[in-house]
């Protein structure tokens, strides 16, 4: 994208032309482990717990060829890839590298919006580094990441966040994709609906049941049809199918939620076991909330049963939760109607959200990802 590019009809007539880069590290956790332990290079690696109740936090590209994916139960991953090598996560190391990468980003953009440790949006419209184009900035950022960290990153360059994020995944690993103004709708409409960021598996399955498999299929549907089947999401879906996204890159992204979850080696059966687990997870969550000074009003409980069926239940209170005992009380109030359980509990999680001062932002299409601490 060169300076002076005209925006196309899919860019929104009244929106400013932005130059957005989405940078996504390649298999970040697993790549760090392969970088630091040469014996792991070229081999299928999973970061996570290897026990019967472990979960894959990240998988190398060698492991992904066997279908190993993050959030997959470790026992399933080992069945699909018998030679899979498990390594325990080192989150402090990943955080340190993430800070190093973000420092590189700030040499090229004042507006940097991290989504997680391994990805971020950058608005380079102001051309802070004087390189003349967003494409040149993206190439130099990727080069510096490789030279300074020994890791690779993929990048998407476009005129809005939605397309930049899709583009960064187009040529992974270690690739770059540029989608200039005027080409966004055509690019989006070539993709499977399951590639759309913000459309989860349940919604994607519903769409496929209605004959919508691609961005082109979605673009063929008129607003009335979308409203009939998808309610308040109709306008958002209508825009996405045409490559329209007016959200800004926000460098001071507000904390939307934080939480913790724990997977158990043996299923929890008794009410006492489950309540003790809830108390432990609430303690972890409150410690994190207290460190951040976060006071939320909504508590969400997540339970995964022995058959992998997962449910979530939420409760909101009138005033912000001010201490750990109040958080636990809210969690117990949610849990009580779910007891006794007919089958064991293999995972329990608690999330705190709706923080003080938080306002709904109509400009923000995608919610900030939950700040989860996985206790495996």
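Structure notes:
- Residue satisfying condition, being touching a helix residue (DSSP H, G or I) at 6+ places or on another chain (Cβ under 8 Å) and either buried (at least 18 other Cβ atoms within 10 Å of the Cβ) or in contact (Cβ under 8 Å) with a residue 60 or more places away in the chain (or both), within set 115, 122: 122
- Matching residues in the stretch 167-212 - criterion: being surrounded by fewer than 18 Cβ atoms within 10 Å (Cβ to Cβ), in a loop (DSSP other than H, G, I, E, B) and more than 22 Å from the chain's Cα centre (by Cα): 182, 183, 190, 210, 211
- Residue within the stretch 232-244 that is over 28 Å from residue 308 (Cα atoms) and out of contact with any helix residue (DSSP H, G or I) (no Cβ under 9 Å at 6 or more places or on another chain) present: yes
- Qualifying positions in the stretch 39-70 - under 21 Å from the mean Cα position of the chain (by Cα), farther than 17 Å from residue 91 by Cβ and without any contact (Cβ under 8 Å) to a residue 24 or more places away in the chain: 67, 69
- Restricting attention to the stretch 92-112 and to residues that are surrounded by 14 or more Cβ atoms within 10 Å (Cβ to Cβ) and over 19 Å from residue 250 (Cβ atoms), the residue that is modelled with the lowest pLDDT turns out to be 94.
- Hits in the stretch 274-286 (condition: touching a residue at least 24 places away in the same chain (Cβ under 8 Å) and over 18 Å from residue 54 (Cβ atoms)): 274, 275, 278, 279, 282, 283, 284, 285, 286
- Looking at 294, 290, 314, 319, just one residue is surrounded by fewer than 16 Cβ atoms within 10 Å (Cβ to Cβ) and in a loop (DSSP other than H, G, I, E, B), and that residue is 319.
- Test for residue 162: is it in contact (Cβ under 8 Å) with a residue 12 or more places away in the chain and more than 20 Å from residue 114 (Cα to Cα): no
- Meets criteria (within 23 Å of residue 88 (Cα to Cα), modelled with pLDDT of 95 or more and in a strand (DSSP E or B)) for residue 373: no
The values are calculated or read from the model by the stated rules, or taken from the named source; none is laboratory data. Being a predicted model, the structure only gives us computed values, none of them experimental. Cβ: placed from backbone, ideal geometry, glycine included. Neighbour counts: every protein chain shown.
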